[in-house]
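**Student:** One structure, as C-alpha cells, below. Some questions next.
Nothing in this text is a laboratory measurement; each read-out follows from the coordinates by a stated rule. Everything quoted here is computed from the prediction, not taken from an experiment. Quick reminder, even Gly has a Cβ in these numbers, built from the backbone with ideal geometry, and neighbours come from all protein chains shown.
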Amino acid sequence: MLIIKTNILNPISSDKVEFLPDTFISISDTKIESISKNIENRDFTDYSDSVCIPGLIDTHVHLSQYYVRGRHNSNLFDWLDNCTFPEELKSKDPQYAKKVAKDFFKASVKAGTTTSVIYTSPFKEACDIAFETAEKLGVRAIIGKTMMDTNSPEYLQEDTETSFRESVELFEKWNKKTELLEYVFSPRFAPVCSSQLMKMIGEFAQKNEAYIQTHLSENQDEIELVKKLFPKYKNYTEIYEKLGILGPKTLLGHGIHLDNEELEIIKNTESKIIHCPDSNFFLKSGVFPFEKIKKSGIDFALASDAAGGTSISMFNVMKMTCYRQDDYTVSPEEAFYYATLGGAKVLGKEDIIGSIEVGKDADIVFLKIPEQNKYNCSELLSKLIYVNEEVEIISTLVAGRKVF
Ligand SMILES: [Zn+2]
C-alpha cells in the first residue's frame, strides 16, 4: 500500500474542476483505494508541496515521427512528402525503431502523459518494437501499425492483403496482452487507402470490438483530392461510413472542415473526433469549430498529433486549444477536461482513468507550480496551462507504478 499526502486538482466536467488541498491518496496495487483528509497510518510519502493531476491522455500521436517535430513545412502535403514519409521509412531498421520508441515513451511520461493512442510506421516489426517498449516501461498505450496500400511512395506502400494480415497478427499478439496495452487499426487516411482495405478493416474491427483510428477533413487540398478519388460518395465522412470503419471505437483525427451532414453521420455512428490544435496551427490546416462540435453532442478530446504538432506535451496542447480559437474562448477547465476525463471518455475508459477517484487506476502526475500556495483552484489551473514552462513534473505513476 502506498499512501501519499498531496494537493489534488481534479476534473469533474468540462466546466468544473475541484481542488482538494492536503489530502491523502492510498494506492493499493494498481488502484486508488481511498482519498481522505485524515489517515491513521503515519507512514506516508509527503508530496504536500506538490499538486497532483490525473495522468494526461494524448489521443492521437505519431511515434515514428518523434524526431521530426518542428521541421517547418507550409502545408499538410508538403509535410507528408518531405518529413513524414522519409522519416517513417527509417523505422524499417529495427535499431532505429527501438531508439525512437524508447525516446518517445521516456519523453511522454516525463511530460505527464500516461495514456497515448499511437500511429507507428507501416512496418510490422517497428510496431512490435513500440509495444515491447511500452510494456517494458509500464505505460498505457493503444498502438497501431499505419496502413497505406495505394497512392503512396513506393518505399512505404503495402500490398492490401499483407497490410491487413500484418495488422491482424499484431492485434492478436498485443490487444489486451496486459491491462495497459491495446491495438488500434490505423488506416492513415482515405487518399492512401483502398476501398477494399478499409472494408476489410471495418469488418474485422466491428466483429472483434477493436479500435480504429484515421484522419478526416484536416485540410482543403486533402478534401479536394478525396472528392476526386472517391467520386461516388457525397462527402469525405460518408466514405468511411459506407466502408464500415465508423463506430463507437473509431477515433477521427482533426475533423476541421466538416459540414452538418458529416457531423450527423459521426454522431449517429457514435464515432469520436480528436482535436489537434498545435498541428492545425503548424500546418495551417484551419480552425477547429470547437463550440459547434461541443454543441453537436459528439464526443471529442485533445491530442498532440506530434510530429504534425511540434510538441508531445499535453500542457502545450491545452494552451494551444485556447490560442487556436478566434471567436470562442476555451476556459482552462475545458482544456483540462478534454486532456483528461474527456480523453478517457472517447476511449470508453472513463471508469478506469481520466480523474483521481476511488476505484480508478492510479494514473497520477505530481508537479510543482512556483508559489502554488498563493493560488486558488482556477488560478492554479490557469498557471498550469498558460505558464506551463515553469511547471516541474516530479513524478508520474501509471496504474500505481512509478514510470518517471
Ligand atoms: Zn496525425
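**Student:** Excluding same-chain residues fewer than 8 positions from residue 374, which aspartates and glutamates have a Cα within less than 14 Å of its Cα?
**Tutor:** 49
**Student:** Related question: What's the angle, to the nearest 10 degrees (0 to 90), between helix 124-137's Cα axis and the longest principal axis of the chain?
**Tutor:** Roughly 0 degrees, rounded to the nearest 10.
**Student:** Determine the gain in length on full extension of the stretch residue 234-residue 387; use 0.36 nm per residue of separation and subtract their C-alpha separation, reporting nm with one decimal. Walk me through the numbers on the way to the answer.
**Tutor:** Numbers: separation 153, 0.36 × 153 = 55.08 nm, distance 4.44 nm.
Stretched out fully, the residue 234 to residue 387 stretch lengthens by 50.6 nm.
**Student:** Which residue, 236, 63, 215, has the largest displacement toward the positive end of the dipole of the stretch 56-312 when charges sit on each Cβ (Lys, Arg +1; Asp, Glu -1)?
**Tutor:** Checked the options; the winner is 63.
**Student:** How long is the gain from residue 95 to residue 75 if the chain were fully straight, where each residue apart is worth 0.36 nm and the alpha carbon distance is subtracted?
**Tutor:** This chain segment gains 4.1 nm when fully extended.
**Student:** Follow-up. Test of understanding: what is the full-extension gain from residue 35 to residue 268, defined as 0.36 nm times their sequence separation minus their Cα-Cα distance?
**Tutor:** 80.1 nm
**Student:** Compute the longest continuous run of the chain that contains no exposed trypsin sites (Lys or Arg not before Pro); treat a site as exposed when its DSSP state is not H, G, I, E or B and it has at most 11 other Cβ atoms within 10 Å. Please list the in-between numbers first.
**Tutor:** Values: sites that count: 37, 42, 176, 232, 284.
Here the longest run is 43-175.
**Student:** Using alpha carbon centroids, what distance separates the stretch 222-252 and the stretch 255-314, in Å?
**Tutor:** Cα centroid to Cα centroid, the span is 15 Å.
**Student:** Go through the stretch 67-155 and name the GluC sites (Glu not before Pro) that are in a DSSP coil and have 13 or fewer other Cβ atoms within 10 Å of their Cβ. Could the numbers behind the result be given before it?
**Tutor:** Working: sites: 87, 88, 125, 132, 135, 154; in loops: 154.
In loop regions of the stretch 67-155 (DSSP not H, G, I, E or B), the sparsely surrounded GluC sites (Glu not before Pro) are 154.
**Student:** Starting from the 7 Å offset along Cα-to-Cβ, what nm value, one decimal, do you get for the label separation of residue 45 and residue 323?
**Tutor:** Here the modelled spin labels are 3.2 nm apart.
**Student:** Additional query: How large is the dipole of the stretch 56-312 about the Cα centre if only Lys and Arg carry +1 and Asp and Glu carry -1, each at its Cβ, rounded to the nearest 20 debye?
**Tutor:** Numbers: 32 positive and 38 negative charges, 115 e Å.
Taking the Cα centre of the stretch 56-312 as origin, the dipole is about 560 debye.
**Student:** Quick one: net charge around residue 13, please, counting Lys, Arg +1 and Asp, Glu -1 for every other residue with C-beta under 13 Å from its C-beta.
**Tutor:** Numbers: positive: 16, 294, 345; negative: 15, 18, 333, 334, 350.
Here the count lands on -2.
**Student:** Sticking with this structure for a sec: Cβ under 13 Å from residue 48's Cβ, residue 48 left aside: what net charge do those residues give with Lys, Arg +1 and Asp, Glu -1? Show your work: numbers first, answer last.
**Tutor:** Numbers: positive: 5, 37, 368; negative: 22, 46, 49.
Summing Lys/Arg as +1 and Asp/Glu as -1 gives 0.
**Student:** May I ask which residue of 122, 195, 354 lies farthest towards the positive end of the charge dipole of the chain, with charges of +1 (Lys, Arg) and -1 (Asp, Glu) on Cβ and the Cα centre as origin?
**Tutor:** Highest projection toward the positive end goes to 122.
**Student:** Which three semi-axes in whole Å describe the equivalent ellipsoid of the chain, each the square root of 5 times a Cα gyration tensor eigenvalue, listed largest first?
**Tutor:** Values: eigenvalues 244, 104, 73 Å².
In descending order, the three semi-axes are 35, 23, 19 Å.
**Student:** Follow-up question, since we're still on this one. Quick one: of 145/232; 267/402; 249/368; 227/294, which pairs are farther than 31 Å apart, Cα to Cα? Kindly include the intermediate steps, with their values, before the conclusion.
**Tutor:** Numbers: 145/232 29 Å; 267/402 38 Å; 249/368 35 Å; 227/294 27 Å.
As for pairs spanning more than 31 Å Cα to Cα, those are 267/402; 249/368.
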